[in-house]
Amino acid sequence: MIEVLVKPGDEVAKEQSLITLESDKATMEIPSPEAGVVKELKVKLGDRVSEGSPIAILLTGEASQAEHPEPQAPMPEAAAPPPEPLGRPVPREPREAIVSKPHASPSVRKFARELGVDLARVSGSGPKGRILHQDVEGFVKGMMAGTPPASPPPLGKGGIGGVNFKLAPWPEVDFAKFGPIEVKPLSRIQKLSGPNLHRNWVSIPHVTQFDEADITELEAFRKANTAETERRGFKLTMLAFLVKACVTALRQYPQLNASLDKSGESLVIKKYFHIGVAVDTPEGLVVPVIRDADRKGVFDLAKELADVSRLARERKLRPGDLQGGSFSISSLGGIGGTAFTPIINAPEVAILGVSRAAMRPVWNGADFAPRLMLPLALSYDHRVIDGASAARFTSYLASVLSDIRKSLL
Amino acid sequence: MAASASPDLECELVVLGAGPGGYSAAFRAADLGMRTVLVERYPTLGGVCLNVGCIPSKALLHTAFIVDAARALAAHGIAFGEPKLDLAKLRASKDKVVGKLTGGLAAMARGRKVAVVQGSGRFVERNRLEVETAQGKQAVRFAAAIIAAGSQSAKLPFLPDDPRIVDSTRALELPAVPKRMLVIGGGIIGLEMGTVYSTLGARLEVVELLDGLMTGTDRDLVAVWQKFNAARFDRVMLGTKTAKAEAVKEGIRVWFEGGQAPGEPQLYDMVLVSVGRTPNGKRIGAEQAGVAVTERGFIETDSQMRTNVPHIYAIGDIARPPLLAHKAVHEGHVAAQAAAGLKSHFDARVIPSVAYTDPEIAWVGLTEEQAARDGARVSVAKFPWSASGRAIANARDEGFTKLVFDAETHRIVGGGIVGAGAGDLISEIALAIEMGADAVDIGRTIHPHPTTSESIGMAAELFEGVCTDLPPARKK
């Protein structure tokens, strides 16, 4: 929980936001189910809550008046109707600390303390779900074997994803010695995505395949149709066509629309096409997912892209909007650059980076012709995809982009 | 610096105060290989608990219990006649108990090579403590410190200075047996001492500012004790303030106000002041070491018992309520282990409490009242000792055992027992809570028959609707 918007004694209206929750990179405000007066908050900043966690006790209707006695005339306890426990997603059942703590004996709690294991994350295999000594051991082993820890060990201490790099210590430099400095904390999103990016970067053998697509015709086609979408209130972007073309190429090369399974021995090929699209926001980078992109037309894709970008910037994405992607696109075309090497968004196995299109002289066999060329950069997991497949994928993708009619085939 | 000052003692850990928390911390640290110094104001180790608290009071309460039990035997056809009291001998036997325990502690300190420095200690710097010993000032330089300086009886400033007005420490010295005794403050300590004096022959009166005796304890439990002990009291004045007292030749004259105050001032031979205890946070120079002390004199800590100064810990009464020896001992171990670099935290879920009155009252975890206040949904099972074979055989069937369960998961979250020996029965409930046991776990644990401990298993069975030692539940 990252924000508390009310305090005890506050009057709240129905649907008024009470607290802000954060999960993955999405934040979500939890509205009040009823109007009333906040009697007591059951949560505090930084608490981890889940479905069913009580948020606050809200006094509704007459109860709230009973709780606002004149200072000189305190109401007897019994006069106040029983407070209504409140909360959403699923309210009810406020719990006392003894009850809500993980089901583990003192010796197991001690063991977990020593290893720094948060028992709330361990599932118990003992009678009635009790967490046993071996459950804590199993949890730690799982972590060591590559299930990512929630927060990475400090830089230079090694041990990420089961890899111990034995790195030299991080250089400690007193920057202020060399000139004035300002210390600015990382944004929430940066703090959250940093460990994931770090894990992906060190634990996936990345290779990046570059290519170019001739989008002269596509750009003309896009321009010819912008009037229509602008009339409907959104822009027809090149990104929408890119999503469409990627789906076409992924159908052709399904091993790029896949993930390694937990054992690392099989490939899980997805029969759906949920495309993650990196969106730059003032808080940092987020990757909302366009679901079932294969079943949507380019207009629909363009509209949806416009919508999620807006929601991302307004910090209104829901956790579900960020989950389930099978392939990602990171487009810096609107900003500039000639090429870059994107980091794979695990557990996906490939990501397409797109830089700015530029007019280039292209030899057509007889002459140099001015063509609008779009730089493509495909980073892929070399454990899953070999270089030939990646090159085939990008060249096929380029061919689809140069003749978008191929996506109809 | 004075020329006569002895050289600084150097140590890895100094423990200030040798009560149960302090000596446990020092001994644990020594066992972990730390060079440890233990500073104690009094010549014997053990603090309030061993010297002037838990232990001597239990020695006297045991005596009182036997006297009352012997009297009760008249109903069984065995009469002993009136007991003859030799106060000096009783005092000596109690002192022998204390001596045996404190002597044992001193030997254990020697065995562990814990250096004991006798005198009042005060911090003078972040890593230095000064002890006012009989031989002069002794400085102790330390890498880490554990503050275990405890608490003292709270005083009522308006009371005159008179030997007939006593606190619990003085009352334990058994100066005399009064005819009429007033207990100011109806908490556990006052009522335990009242029990002793009443069995020795005093008529009791008690005055309490709040509206009940032993407030903070489940009313159900207290009611049983109160009914059983009604004959000891000439007057129980609740919601009543002690306004004024005057020492006169014939006794202490006391005026009361409000509540159940009698119209006239009353005359007593002895007045016991037991209005709570005050932590000693402000008496140890904590500020010199940078340690923050609250308005009330407590020193706040984290779950490793670490104060705001990372190498200084605080445990026991001085750290936080409840002011109980068994809590202090656990905290002492945590602090010693943390100081030795172990990842030790205080994470006990519950701390049991016992009133060693007759019958005893013991409780642990959530009460129904607290659950209602916290909005936790609980469900309660109460097994009356009038259905316990053993309690009936003991001719002490006034008690009951009550268990509090989470209404949804049936996990045990609290319990209370009133009855003879309740204090020795409560641990099972505490263990069940720590282990996360539910009603079936407790009910299916075989309890020996016939014992009063059976009542815990039966209360759990009652909760599950499978108890056969009570009349069948009426169908709704």
Original post:
Say each of B:Glu287 and A:Ala224 gets a label point 7 Å from the Cα, pointing the same way as Cα to Cβ; how far apart are those two points in nm?
Top reply: 8.6 nm
Original post:
Using Cα-only point scatterers and the Debye equation, what is log10 of I(q)/I(0) for region B:122-208 at each q in 0.20, 0.24 Å⁻¹, rounded to two decimals?
Top reply: -0.90, -1.21
**OP:** Could you estimate the translational diffusion coefficient of the protein assembly as shown from the Stokes-Einstein equation, with Rh from the Kirkwood formula over C-alpha pairs, at 4 °C and 1.567 mPa s, in whole µm²/s?
**Re:** 38 µm²/s
Subject >> Shielding of B:369-377 by partner chains, average beta-carbon count, 10 Å >> reply: 5
**OP:** Take every residue in peptide A:122-132, count the Cβ atoms of other chains within 10 Å of its Cβ, and give the average of those counts.
**Re:** 2
Original post:
Cα extents of region B:268-380 along the three principal axes, largest first, in whole Å?
Top reply: 47, 44, 24
Original post:
Over region A:162-317, what relative contact order in percent results from Cα pairs under 8 Å that are six or more residues apart?
Top reply: 20 percent
Subject >> Reachable aspartates and glutamates from A:Lys7, criterion Cα separation under 19 angstrom, eight or more residues apart if same chain >> reply: A:Glu15, A:Glu29, A:Glu34, A:Glu40, A:Asp47, A:Glu67, A:Glu84, B:Asp374
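Just in region A:235-287: which chymotrypsin sites (Phe, Trp or Tyr not before Pro) are loop by DSSP and have at most 12 other Cβ atoms within 10 Å?
Working: sites: A:Phe241, A:Tyr272, A:Phe273; in loops: A:Tyr272, A:Phe273.
Answer by residue number: A:Tyr272.
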**OP:** Subtract the Cα-Cα distance of B:Asp162 and B:Leu267 from 0.36 nm times their separation in residues, and report this length gain in nm to one decimal.
**Re:** 36.4 nm
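Could you please rank A:Lys316, A:Lys223, placing first whichever residue has the fewest other Cβ atoms within 10 Å of its Cβ?
Details: A:Lys316 14, A:Lys223 10.
By the 10 Å Cβ count, ascending, the order reads A:Lys223, A:Lys316.
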**OP:** Count neighbours as other Cβ atoms within 10 Å of each site's Cβ, and list the chymotrypsin sites (Phe, Trp or Tyr not before Pro) in region B:64-169 that are DSSP loop with at most 10 such neighbours.
**Re:** B:Phe80, B:Phe158
Original post:
B:Lys249: which lysines have alpha carbons under 25 Å from its alpha carbon, excluding same-chain residues fewer than 8 sequence positions away?
Top reply: B:Lys155, B:Lys179, B:Lys241
**OP:** Can you pull the one-decimal nm distance between simple spin-label points at A:Ser263 and B:Lys179, each 7 Å off the Cα toward Cβ?
**Re:** 9.3 nm
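Past 29 Å, Cα to Cα: identify those pairs from A:Lys223/A:Lys270; A:Lys141/A:Lys191; A:Lys270/A:Lys406; A:Lys191/A:Lys262, in the order given. Can you show the working numbers first?
Numbers: A:Lys223/A:Lys270 33 Å; A:Lys141/A:Lys191 25 Å; A:Lys270/A:Lys406 22 Å; A:Lys191/A:Lys262 26 Å.
Among A:Lys223/A:Lys270; A:Lys141/A:Lys191; A:Lys270/A:Lys406; A:Lys191/A:Lys262, the Cα-Cα distance tops 29 Å for A:Lys223/A:Lys270.
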Original post:
Extension gain B:Ala92-B:Thr294, at 0.36 nm per residue separation less the Cα-Cα distance, in nm?
Top reply: 68.7 nm
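Identify the GluC sites (Glu not before Pro) of region B:247-350 meeting these criteria: DSSP loop state and at most 15 other C-beta atoms within 10 Å of the C-beta. All intermediate terms of the calculation are to be shown ahead of the outcome.
Working: sites: B:Glu250, B:Glu257, B:Glu287, B:Glu295, B:Glu300, B:Glu331; in loops: B:Glu250, B:Glu295, B:Glu300.
Passing sites in region B:247-350 are B:Glu250, B:Glu295, B:Glu300.
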**OP:** Can you tell me the alpha carbon radius of gyration of region A:98-144 divided by the globular rule-of-thumb value 2.2 N^0.38 Å?
**Re:** 1.02
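Per-residue Cβ counts within 10 Å, from other chains only, averaged over B:431-437: what number is that? Please report the intermediate quantities before stating the final value.
Details: counts 2, 0, 1, 6, 7, 13, 4.
Mean number of neighbouring Cβ atoms from other chains: 5.
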Subject >> Computed label-point distance, nm, for sites A:Ser123 and B:Ile66 using a 7 Å Cα→Cβ extension >> reply: 5.9 nm
Subject >> log₁₀ of I(q)/I(0) at q = 0.09, 0.11, 0.13 Å⁻¹ - chain B, Debye sum with one point per alpha carbon >> reply: -0.70, -1.02, -1.30
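Read the figures in this text as sums done on the coordinates, not as results from a lab. Please read these numbers as outputs of a predicted model, since none were measured by experiment. Note that each Cβ is placed from the backbone with ideal geometry, even for glycine, and that neighbours are counted across all protein chains shown.
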